[in-house]
Amino acid sequence: MKRHIAVLACAATAALGVPAIATTAHAQTARAKDPLAALRSQMGGGRGVSFVDKTKVTSPQGSRVLAQRDGVLGFGASGIAASDQTGKMRIKLSDLGIDPDDEDTKGIAGFAKPERVVRVGKASYISGGYFGEFLPEGKTWLRYPAETLGMLGVITQKVNAAEPATLKALLAHATTKRPGFYSGKITYGELNKISPWFRASVSGARITGRYARIKVSWKLFLGADRLPQRLVTSEASTADDGKSMMETDTRYTGWGAKVSVKAPAPEEVATAKDLQDGATAEVPTPIGR
């Protein structure tokens, strides 16, 4: 199991809405100019937003899409209360340098299969992907022992402009501000302090020392309603093949739509101790634990 995790971590590293109606014309105008107020007006009421993202890696060897993901976010009174997303790595087993017929690599085929992650409150459930290869008969979900966005969390979008605290921080760090467009940089350490989405993306990895100093460059595009429409983030890494850049492009659509995300039925859910063949529930990440 640990060998499989190391393989994916190395491969990933190397590849590395409408604002609420105001009561006066003045209030309406002020709100329309404030992206944070526009986002906060979307909270609660069973509303949410859909998103899609694509992660591309550019290295001295060229550029390719590493992963794709789509899903929905459900809002609570002050932030994201639930999420449901499905993602897939654009990877072949041959990319991992592993023979799929080797008995020692049971489950490795899961890296190339779709992975679905449902989060409700602080509970996280994973179906398919790597862990799907180790679920016992009759179970289709693993309840992960901590908050996570699954295997793909660390190599997809770790910054979420649909979180009020994150959007506030991005706007505060903006070095470019134009109507409908902001850009700037933010560190892993700052994101780790304010963003539950980021912490779930790295599955509880320790963000200290040099990891806390990793910088993420970002570009945020707003719609006419002043809500996030597109977020592009990029971060550099140095691998054995030279310097590479990972870029994730996220699109938000359907602001204000009714969203319902529910946990899987209990009879369909396994826990870490139920995983077959001695597998353990551990999400790989190139970030220190």
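The values are calculated or read from the model by the stated rules, or taken from the named source; none is laboratory data. Everything quoted here is computed from the prediction, not taken from an experiment. Please note: Cβ atoms are built from the backbone with ideal geometry, for glycine as well, and neighbour counts cover all protein chains shown.
Between A205, A257, A265, the distinction of being small (G, A, S), farther than 20 Å from K54 by Cβ and surrounded by 18 or more Cβ atoms within 10 Å (Cβ to Cβ) belongs to A205 only.
L152 meets all of the listed conditions (1) surrounded by fewer than 21 Cβ atoms within 10 Å (Cβ to Cβ); (2) at pLDDT below 95 but one, namely (1). Scanning the stretch 248-270 for residues that are among the hydroxyl-bearing types (S, T, Y) and part of a strand (DSSP E or B) yields T248, T250, Y252, T253.
Checking the structure you have, find out if any residue of the stretch 88-109 is surrounded by 20 or more Cβ atoms within 10 Å (Cβ to Cβ), touching a Pro at 6+ places or on another chain (Cβ under 8 Å) and either at pLDDT 85 or above or not β-branched (V, I, T) (or both). Looking for residues that are surrounded by 20 or more Cβ atoms within 10 Å (Cβ to Cβ), touching a Pro at 6+ places or on another chain (Cβ under 8 Å) and either at pLDDT 85 or above or not β-branched (V, I, T) (or both), one finds none in the stretch 88-109, hence no. Name the single residue, out of those in the stretch 192-207 being in a helix (DSSP H, G or I) and polar (S, T, N, Q), that is farthest from the chain's Cα centre (by Cα). Looking at residues that are in a helix (DSSP H, G or I) and polar (S, T, N, Q), I get N192.
Going by the conditions given, is K158 among the basic types (K, R) and either in contact with a Leu (Cβ under 8 Å, 6 or more places away or on another chain) or at positive phi (or both)?
Numbers: among the basic types (K, R): yes; either in contact with a Leu (Cβ under 8 Å, 6 or more places away or on another chain) or at positive phi (or both): yes.
Yes; evaluated as a whole, the condition is true for this residue.
The set of residues from the stretch 216-240 being modelled with pLDDT of 95 or more and surrounded by fewer than 15 Cβ atoms within 10 Å (Cβ to Cβ) comprises just one member, A224.
Suppose we keep only residues that are among the hydroxyl-bearing types (S, T, Y) and either assigned to a strand (DSSP E or B) or in contact with a helix residue (DSSP H, G or I) (Cβ under 6 Å, 6 or more places away or on another chain) (or both) within the stretch 75-87. Which one would you say is surrounded by the most Cβ atoms within 10 Å (Cβ to Cβ)? Walk me through it before giving the result.
Taking the stretch 75-87 as the starting set, the residues that turn out to be among the hydroxyl-bearing types (S, T, Y) are 78, 83, 86.
Still in the list and also either assigned to a strand (DSSP E or B) or in contact with a helix residue (DSSP H, G or I) (Cβ under 6 Å, 6 or more places away or on another chain) (or both): 83, 86.
Working: S83: 23, T86: 18.
Only one residue tops the list, namely S83.
From L8, L39, grab the single residue that is under 21 Å from the mean Cα position of the chain (by Cα), crowded, with 18+ Cβ neighbours inside 10 Å, assigned to a helix (DSSP H, G or I) and at pLDDT 95 or above. Before you say what the answer is, go through the steps one by one.
On the way: L8 fails: at pLDDT 95 or above.
Just one listed residue meets the conditions, L39.
R210 meets all of the listed conditions (1) modelled with pLDDT of 95 or more; (2) of a type in the set (K, R); (3) outside any strand (DSSP E or B) but one, namely (1).
Determine whether the stretch 171-178 contains at least one residue that is in a loop (DSSP other than H, G, I, E, B) and not hydrophobic (A, V, I, L, M, F, W, C). Checking the stretch 171-178: not a single residue is in a loop (DSSP other than H, G, I, E, B) and not hydrophobic (A, V, I, L, M, F, W, C).
Name the one entry in G189, G184 that is assigned to a strand (DSSP E or B) and either under 22 Å from S244 (Cα atoms) or basic (K, R) (or both).
Numbers: G189 fails: assigned to a strand (DSSP E or B).
When all the criteria are applied, what remains is G184.
Taking the stretch 213-237 as the range and being in a loop (DSSP other than H, G, I, E, B), among the hydrophobic types (A, V, I, L, M, F, W, C) and within 13 Å of I186 (Cα to Cα) as the test, only I214 passes.
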